[in-house]
Amino acid sequence: MLHLYESGDYMWSLFIGHLVIEKLLKAYYVQKKDENYPMHHNLLRIAEKAELVLDDEQQFFFSTVTGFNINARYDDYKQSFFKKCNKDFATVWVGKIKENREWIRQQLLK
């Protein structure tokens, strides 16, 4: 994620950021539930099914970052997202991804 961000490939950086958060949430889910994780990419739903207690800001974060999963999206959505992904937008969201990544990691250690 950081390498892509530093190279100016903001859209793909945020896509990888989504994957980072998704994999950590699924790890938390498996740790908490002792069963296979949900087979979808909706971060908020995964967090809720894992019974993570989220405040409004975290709920907004997970909902928004779910939209960064561009892999299965239609071309018009990808184009719209690409236009939105300038350096300022990516800087804000990469920072939030890093913060939430660390928060989820801390939840895994509890």
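The values are calculated or read from the model by the stated rules, or taken from the named source; none is laboratory data. None of the values given here were measured: they were computed from a predicted structure. Quick reminder, even Gly has a Cβ in these numbers, built from the backbone with ideal geometry, and neighbours come from all protein chains shown.
General remarks:
- Conditions (1) in contact (Cβ under 8 Å) with a residue 12 or more places away in the chain; (2) outside any helix (DSSP H, G or I): number failed by residue 93: (2)
- Within segment 64-80, considering residues that are over 15 Å from the mean Cα position of the chain (by Cα) and in a helix (DSSP H, G or I), the one surrounded by the most Cβ atoms within 10 Å (Cβ to Cβ): 78
- Failed item in (1) of a type in the set (Ser, Thr, Tyr); (2) more than 17 Å from residue 23 (Cβ to Cβ); (3) at pLDDT below 95, with residue 91 passing the rest: (3)
- Residue in segment 47-63 that is among the β-branched types (Val, Ile, Thr) and either within 21 Å of residue 8 (Cβ to Cβ) or surrounded by 14 or more Cβ atoms within 10 Å (Cβ to Cβ) (or both) present: no
- Annotation: of all residues in segment 1-60 being within 14 Å of the chain's Cα centre (by Cα) and outside any helix (DSSP H, G or I), the one that is modelled with the highest pLDDT is 1.
- A single entry from 100, 71 fulfils the requirement of being out of contact with any Ser or Thr (no Cβ under 6 Å at 6 or more places or on another chain), modelled with pLDDT of 95 or more and closer than 19 Å to residue 15 by Cβ: 100.
- On the stretch given as segment 22-45, residues that are under 17 Å from residue 70 (Cβ atoms) and either touching a strand residue (DSSP E or B) at 6+ places or on another chain (Cβ under 7 Å) or surrounded by 19 or more Cβ atoms within 10 Å (Cβ to Cβ) (or both) total 2.
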